[in-house]
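To start, the structure under review is shown below, and the notes come after it.
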Amino acid sequence: MLSKKIILTGSLGVGKTSLFNQFLYQRFDEKYLTTIGVKVDKKTVMVNGRELSLLVWDIAGEIKQDKVPRTYFLGSSALIYVFDLTRPTTYSNMLEDLKYLKMITPGVVIRVIGNKIDLVDLEKLNDILDKVPATIDFTTSAKTGENVENVFFSIGEELLDNA
Amino acid sequence: MDRNPQKVIEDQLLLQLKDVLLREDRVALQELRSNLEDPVQLEQRVGPLIEYQLGMLRSNFPEAYYNVVDKMIQARLKVSQGEIMDTIYPVLGKMIKKYVQMQFLVLREELSAQIYLTLNTGLIGRIKYAVFGMSKRDEAHILARAKTAKVDEVFIIEQHSGILRGSASRKTSIDSDLVAGMLTAIKSFVEDAFKSGNTDLEKITYGNHSIHVFNYYTCYIAVVVSGQLTAEEEAFLNQRTNQFGETSLLNILRSKSDNVNLLLRNKLEKVYFFDDQEFPIKSRNAK
Ligand SMILES: Nc1nc2c(ncn2[C@@H]2O[C@H](COP(=O)(O)OP(=O)(O)O)[C@@H](O)[C@H]2O)c(=O)[nH]1
Ligand SMILES: [Mg+2]
């Protein structure tokens, strides 16, 4: 079976760990994340009748991406950049971050995710989306589970297409 | 102090004599002092001299200083072997360092085994045993010997991505994919946090277990061992792993087979589980 490494990244508190927990089984204690700054879990997805094993790395939040150990990004096939729809500081560095991430992981599939959609009024959403400097691929809620599976599914689809 | 009047007069005469004799020198001294105190003048006079001396030193260095430097190096070698080892290390490569360390360990173990034997067999040993029974230390020693170390699991893991390419296991542990991922994360963390040149993580020990990491370009091999390896056994494990890593492993990974996973497992079982029992890493078996 094909296996791929996926990295969840983005500022502190945007909901990476919550998304991870929403999607995966949580087989390792949370303490791994705080002690070594990363936790790995696996999920097998079926995409168009083909099985794909996703190894998802949740990394401890940093304010800026270049503070995250570079080695964590190496060897990843996809990258989920998460920001918090309710906090502008979590997307103000977005362009710079994405540029940096593309430079250190050339050719990876990237998804930009606006999380905590459950906290945003629909009228306000358009205002927020206007202010976000890059194109958003999904808006999700780790609380209700909205769109979470779809993020991983769309990544799986693209990875299998490329394979 | 001498208060003798005769002596006082003599002293005064002597002073006058000195004055007469040294007057010229005083003038010269004065001049010299003014030269010394004026940086411009000093520079003008001393500069060329220093240049000249430096030139001499440069052209005559080997002859003049060879012996001194040689002695210094010898002295330094004696006091700071570790430091020198560190300096030479990147140049000679870690294989050599490992080899040397291993040889030291083997030597040490042979020595302590020898000492142990001498102390515990023969008359002294028998008397000790008869009088005191078996000591705690003797017990511990014998127990440690009896508990042979063995390989429990072997993983072939892609560098960086942490994706498992193949594994063999004597017992079912948690999901090997997850072990491979977390191990790689820890490895990345350690290598990133303590980066100094091209240092790779080589061993993790926890309690009575150890994970031995062998790095290759695209993959690394992680061998999980339970029990304490003797230096000899560890050397054997290293040798056996490197032999596999540099030949079969690369061939299997390069083969376009759909069953890399299976091929690797079969091979790993042959390499590490060659004994029917609990595949101990006994060099005796393979020699
Ligand atoms: N309402 C709401 N809260 C969320 C959501 N995702 C995360 N949170 C909360 O945001 C906080 C930070 O989440 P966490 O997953 O630890 O963020 P991380 O630092 O990016 O891993 C926690 O208190 C979560 O409960 C979401 O989608 N909706
Ligand atoms: Mg987190």
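Some values worked out for this structure:
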| read-out | value |
| --- | --- |
| Failed criterion for residue B:221 (all others in (1) within 14 Å of chain A (Cβ to nearest Cβ); (2) under 26 Å from residue A:7 (Cα atoms) hold) | (1) |
| Of residues in segment A:58-104 being away from every other protein chain (no Cβ under 14 Å) and of a type in the set (Gly, Ala, Ser), the one farthest from ligand 1 (Cβ to nearest atom) | A:92 |
| Residues within segment A:42-68 that are surrounded by 20 or more Cβ atoms within 10 Å (Cβ to Cβ), modelled with pLDDT under 90 and more than 13 Å from ligand 2 (Cβ to nearest atom), tallied | 1 |
| Flag for residue A:95 being within 16 Å of the chain's Cα centre (by Cα) and modelled with pLDDT of 85 or more | yes |
| Scope segment A:111-130; condition open to solvent by 30 Å² or more (accessible area, probe 1.4 Å), modelled with pLDDT of 95 or more and not charged (D, E, K, R); matching residues | A:119 |
| Test result for residue A:80, surrounded by 20 or more Cβ atoms within 10 Å (Cβ to Cβ) and in contact with an Asp or Glu (Cβ under 7 Å, 6 or more places away or on another chain) | no |
| Near pairs, Cβ below 6 angstrom, 6+ apart or cross-chain, from segment A:17-30 (more than 14 Å from chain B (Cβ to nearest Cβ) and within 13 Å of ligand 2 (Cβ to nearest atom)) to any residue that is in a loop (DSSP other than H, G, I, E, B) and modelled with pLDDT of 85 or more | A:18/A:142; A:19/A:142; A:22/A:142; A:22/A:145 |
| Breaking point among (1) buried (at least 17 other Cβ atoms within 10 Å of the Cβ); (2) away from ligand 2 (no atom under 16 Å from the Cβ), for residue A:90 | (2) |
| Any hit, segment A:118-135, residues being of a type in the set (A, V, I, L, M, F, W, C), touching an Asp or Glu at 6+ places or on another chain (Cβ under 7 Å) and more than 14 Å from every other protein chain (Cβ to nearest Cβ) | no |
| Given (1) outside any helix (DSSP H, G or I); (2) surrounded by fewer than 16 Cβ atoms within 10 Å (Cβ to Cβ), number of the condition residue B:239 does not satisfy | (1) |
| Wholly enclosed strands (runs of 3 or more DSSP E) of segment B:108-221 bearing at least 1 residues open to solvent by 40 Å² or more (accessible area, probe 1.4 Å), touching a Cys at 6+ places or on another chain (Cβ under 8 Å) and at pLDDT 80 or above | B:150-158, B:164-169 |
| Odd one out for residue A:17 among (1) within 16 Å of ligand 1 (Cβ to nearest atom); (2) modelled with pLDDT under 85 | (2) |
| Candidate set from segment B:34-70 (those that are surrounded by 11 or more Cβ atoms within 10 Å (Cβ to Cβ) and under 41 Å from the mean Cα position of the chain (by Cα)); member that is modelled with the highest pLDDT | B:56 |
| Whichever residue in segment A:136-147 is within 9 Å of ligand 1 (Cβ to nearest atom) and surrounded by 18 or more Cβ atoms within 10 Å (Cβ to Cβ) and, among such residues, is nearest to the other protein chains (Cβ to nearest Cβ) | A:142 |
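One line per residue, one yes/no per condition, for (1) under 12 Å from the mean Cα position of the chain (by Cα); (2) charged (D, E, K, R); (3) over 25 Å from residue A:48 (Cα atoms):
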position	(1), (2), (3)
A:121	no, yes, yes
A:124	no, yes, yes
A:127	no, yes, yes
A:134	no, no, yes
A:137	yes, yes, no
A:155	yes, no, no
A:158	no, yes, no
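The values are calculated or read from the model by the stated rules, or taken from the named source; none is laboratory data. Everything quoted here is computed from the prediction, not taken from an experiment. Reconstructed Cβ throughout: ideal geometry from the backbone, glycine too, with neighbour counts over all protein chains shown. For the accessible areas, the whole protein counts, side chains as well, though only heavy atoms, and no ligand, DNA or RNA atoms are used. Shrake-Rupley method; radii C 1.70, N 1.55, O 1.52, S 1.80 Å.
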